[in-house]
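Heads up, the thing below is written out as structure tokens.
The values are calculated or read from the model by the stated rules, or taken from the named source; none is laboratory data. Everything quoted here is computed from the prediction, not taken from an experiment. In this analysis, Cβ positions are derived from the backbone assuming ideal geometry, glycine residues included, and neighbour counts consider all displayed protein chains.
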Amino acid sequence: MVIKDHVFLLTGASSGIGRDLMSLLLKAGAYVIAVSRSIESDDLEHERLIKRNSDLTDHESVDELFDFALRTHGRIDAFIANAGFTYYERLTEASYDHLEKIYTLNTLSIIHSAIKMKEIHGEKPFNFMATLSAVSFLSMPGYALYSGTKAALRGFMDGFRLEMEEGQHLQAVYPVATETKFFERAGQKHKPWPVQTSAHVARVMLKGLETNRKNIFPSKIFQYGYKLFPWFFKLYVRRETKVFDRIVPK
Ligand SMILES: NC(=O)c1ccc[n+]([C@@H]2O[C@H](COP(=O)([O-])OP(=O)(O)OC[C@H]3O[C@@H](n4cnc5c(N)ncnc54)[C@H](OP(=O)(O)O)[C@@H]3O)[C@@H](O)[C@H]2O)c1
């Protein structure tokens, strides 16, 4: 797709990957509606930027966001569903609150947004990109709920893509561990390997938008290594499980 003069609705824009992608989109001449729970207090100002606070763990907020974007710009050319979070925990007790929060933000609100994009565009072109994760292929200890949210989204996107018309692009991004507030927010100091920067992930996402790629892998080590050397990743998960057992008490 062409970035310049097109309207992008970007969630999770206040930090990390979303913050870097927002800057790249503005630099490339896009109109951006940037969303998170706290983005209105961000100092960044730009004539093509509108900041909108919204908590997306509620489907009415998603509906309200669509109304807002259509009221302000009259259209949404691309929706980038990037907001997401994780817990890093041992699942020793059933906490329905955790299940509900993580699946609502990481999966349900994104599925709801993708269906709404299809609904408002009918047969006309649009792009819908979502930030999934390498753990949607390879579950990691401590991230069972999170891995599940992203794997569910992967299945949904693969299936929903089959209902798209020409010019309608559903795009899935699979970052590995990325330097952002993501791990800190989960109370986690130990990061899985390999680690990349949010600026790199954002650049790969921008390129993915420009070329309408279906599946976008910011780490070539993961993209090819996981297919060619699956035994290596099995050993790696075994090692991470030992780390998990050491740092998260039973
Ligand atoms: N970092 C990694 O290692 C990694 C790896 C693979 C995939 N990912 C995925 O990449 C995406 C971006 O994460 P990041 O690494 O950039 O983390 P981050 O720096 O923590 O950014 C998360 C963004 O989501 C927003 N957000 C969180 N909860 C929200 C809610 N309830 N409603 C609306 N916005 C909300 C946050 O802003 P507010 O707090 O202002 O709401 C923030 O802008 C996520 O989907 C994550 O799962 C990250």
Search result, residues across the range 1-21 that are more than 16 Å from Asn127 (Cα to Cα) and of a type outside the set (Val, Ile, Thr):
Gly12, Ala13, Ser14, Ser15, Gly16, Gly18, Arg19, Asp20
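Any chance the range 124-146 includes a residue that's over 29 Å from Gln188 (Cβ atoms) and surrounded by fewer than 21 Cβ atoms within 10 Å (Cβ to Cβ)? If you could, list the steps in order and put the result at the bottom.
If we filter the range 124-146 for residues that are over 29 Å from Gln188 (Cβ atoms), which is where we start, we get 124-128.
Going one step further and asking which of them are surrounded by fewer than 21 Cβ atoms within 10 Å (Cβ to Cβ), we end up with 124-125.
Yes, that holds for at least one residue.
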Only listed residue being of a type in the set (Gly, Ala, Ser), buried (at least 22 other Cβ atoms within 10 Å of the Cβ) and farther than 30 Å from Lys250 by Cα, chosen from Gly18, Gly84, Gly29:
Gly18
Selected residue (criterion: modelled with the lowest pLDDT) from residues of the range 203-239 that are within 26 Å of Asn82 (Cα to Cα) and among the charged types (D, E, K, R):
Lys227
At least 1 residues that are among the charged types (D, E, K, R) in each: list the strands (runs of 3 or more DSSP E) lying fully within the range 144-227 that qualify.
177-179
Considering only the range 86-97, I want to know if a residue exists there that is closer than 17 Å to Thr57 by Cα, modelled with pLDDT of 95 or more, out of contact with any Leu (no Cβ under 6 Å at 6 or more places or on another chain) and not hydroxyl-bearing (Ser, Thr, Tyr).
no
Answer yes or no: is there a residue in the range 96-109 that is away from the ligand (no atom under 16 Å from the Cβ) and under 25 Å from Arg246 (Cα atoms).
no
Just checking, which of Lys181, Lys189 is at pLDDT below 95 and within 14 Å of the ligand (Cβ to nearest atom)?
Lys189
Pairs please, first residue from the range 147-176 and of a type in the set (Val, Ile, Thr), second anywhere and within 16 Å of the ligand (Cβ to nearest atom) and part of a helix (DSSP H, G or I), Cβ atoms under 7 Å, 6+ apart in sequence or on different chains.
Thr149/Ile102; Thr149/Tyr103; Thr149/Asn106; Thr149/Thr107; Val173/Met205; Val173/Gly208; Val176/Ala134; Val176/Phe222
Kindly evaluate Ser136 against the criterion of being within 16 Å of the ligand (Cβ to nearest atom), within 21 Å of Met22 (Cβ to Cβ) and not hydrophobic (A, V, I, L, M, F, W, C).
no
State whether one or more residues within the range 76-91 are more than 8 Å from the ligand (Cβ to nearest atom) and without any contact (Cβ under 8 Å) to a residue 60 or more places away in the chain.
yes
